[in-house]
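Visitor: Dropping a structure here in structure tokens format, bear with me for questions.
Quick note: the coordinates plus some simple rules give every number you see, no bench work behind them. Everything numeric here is computed off the predicted structure, so don't read it as measured data. A quick note on method: Cβ atoms are made from the backbone with ideal geometry, for glycine too, and the neighbour counts reach across all protein chains shown.
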Amino acid sequence: MASEGADEDLERLARAVFDAQPFTRLLGAELVSTAGGHVEVRLRNRPELQQQHGFVHGGVISYLADNAVTFAGGIALGGDAVTSHCTVDFSRPATGEFLIARSHAVSTTRNQAICHCTVHSVDGENERVVAVAQGTVVKAHTPRPPTP
């Protein structure tokens with residue numbers, strides 16, 4: 001059961017870090033799940049997140065992919081992490097009631113995790129993939145205080 005306790009500690013850390021992100025609060029995103037290293041981040045679609053054609057802005061979709069990748073990588077690495085690279089490919093315009101990004105690590109070493117993410121547009125019971133992303137996540141290192 002030690003692993004179960006460690007998983008709960010990582011989930012608590014993930015939620016604390018997620019909740020501490022000012023940009024995440026501004027957008028209104030929600031960390032839905034971190035179960036088994038599979039991360040889900042959800043965001044309700046609303047007019048201020050859309051571009052001129054009424055689709056969710058690509059920057060919002062990229063945010064969702066990046067954040068989901070970072071949290072999946074952080075869980076796989078066992079602690080705080082940052083994205084060092086992320087590529088997002090858009091497959092179709094995003095509409096619907098909300099978006100959900102689902103990510104998990106596909107390869108992990110001691111210091112980095114490579115993660116896969118799909119971003120879905122959800123309308124009722126219907127889900128459509130609107131973007132696919134891959135990212136590299138590295139352990140975050142606390143900066144040293146400057147030497148006098």
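Visitor: Say the dipole of the range 2-139 comes from +1 at the beta carbon of Lys and Arg and -1 at that of Asp and Glu; which of 14, 31, 52 then lies farthest toward its positive end?
Guide: 52
Visitor: Using C-alpha positions alone, give me the convex hull volume of the range 56-148 per residue in cubic angstrom.
Guide: 108
Visitor: Report the local net charge at residue 96: Lys and Arg +1, Asp and Glu -1, summed over other residues whose C-beta lies under 12 Å from its C-beta. Numbers along the way, then the final one.
Guide: Values: positive: 42, 44, 46, 92, 128; negative: 97, 123, 125, 127.
So the environment of residue 96 carries a net charge of +1.
Visitor: Grab the Cα-Cα distance for residue 141 and residue 123, subtract it from 0.36 nm times how many residues apart they are, and report the gain in nm with one decimal.
Guide: Between residue 141 and residue 123, full extension yields an extra 2.5 nm.
Visitor: Just how large is the dipole of the chain about the Cα centre, in debye to the nearest 20, putting +1 at every Lys and Arg Cβ and -1 at every Asp and Glu Cβ?
Guide: For this selection, approximately 440 debye.
Visitor: Which one, 95, 61, 138, projects farthest toward the positive side of the charge dipole computed for the chain from Cβ point charges (K/R +1, D/E -1)?
Guide: Of 95, 61, 138, it is 138.
Visitor: Right, something else. Tell me which residues come under 5 Å, amide H to amide H, from residue 33 once H is placed; ignore anything under 5 positions away on its chain.
Guide: Here the answer is 40, since their amide H atoms fall under 5 Å of that of residue 33.
Visitor: Can you list the HN-Hα couplings for the range 116-121, worked out from phi with the Karplus curve (6.51, -1.76, 1.60; θ = phi - 60°), rounded to whole Hz and with x for Gly and Pro?
Guide: The phi angles translate into 10, 9, 10, 10, 10, 9 Hz.
Visitor: Angle between the Cα long axis of helix 2-19 and the longest principal axis of the chain, 0 to 90 degrees, nearest 10?
Guide: Helix 2-19 and the main axis of the chain meet at about 60 degrees.
Visitor: Against the longest principal axis of the chain, how steep is helix 58-77, in degrees 0 to 90 to the nearest 10, with axes from Cα atoms?
Guide: It works out to around 30 degrees.
Visitor: Moving on to the next point. Around residue 45, which amide H atoms from residues at least 5 apart in sequence, or from another chain, sit under 5 Å from its own amide H, with H modelled in the peptide plane?
Guide: Correct list: 98, 99.
Visitor: Please list, ordered by chain and number, the residues whose modelled amide H lies under 5 Å from the amide H of residue 50; skip anything fewer than 5 residues away on the same chain.
Guide: Those lying under 5 Å, H to H, from residue 50 are 57.
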